[in-house]
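Here, each number is a calculation from the coordinates, and none is a lab measurement. Since the model is a prediction, treat every value here as computed from it, not as a measurement. Heads up, the Cβs are rebuilt from the backbone with ideal geometry, glycines too, and the neighbour counts pull from every protein chain shown.
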């Protein structure tokens, strides 16, 4: 029996990521309130993130990683989580790579802009 593919759609990806955030938070002994204070979001928002009921931006992911001592790739689906034989998975994976590339470019622009203000 095949398990659900976390890359099959955006909601599945958000749920998978939310579960990993909750697991990491609990493993490090944080309550939702404690982690939400560290990353400067309110507790109901963190709850929605952990349930996959809201979008999460890369800035918030970075804050979560920093607070929990994780690398950002911790939240990406494991190879075992993704069907090897699904062309739909490949299509969706490629679309996420394209979005990731755009996010990286946007991040580089933000960093360059911030550095110019500092100098």
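Some notes on this structure:
- Highest to lowest packing among 12-22, 108-118, 36-46, scored as the average C-beta count within 10 Å: 12-22, 36-46, 108-118
- Spin-label pair residue 57-residue 40: with each label point 7 Å from Cα along the Cα-Cβ axis, the two points sit 1.1 nm from one another.
- On the beta carbon distance between residue 110 and residue 23, with R0 = 35 Å, the FRET formula returns roughly 0.75.
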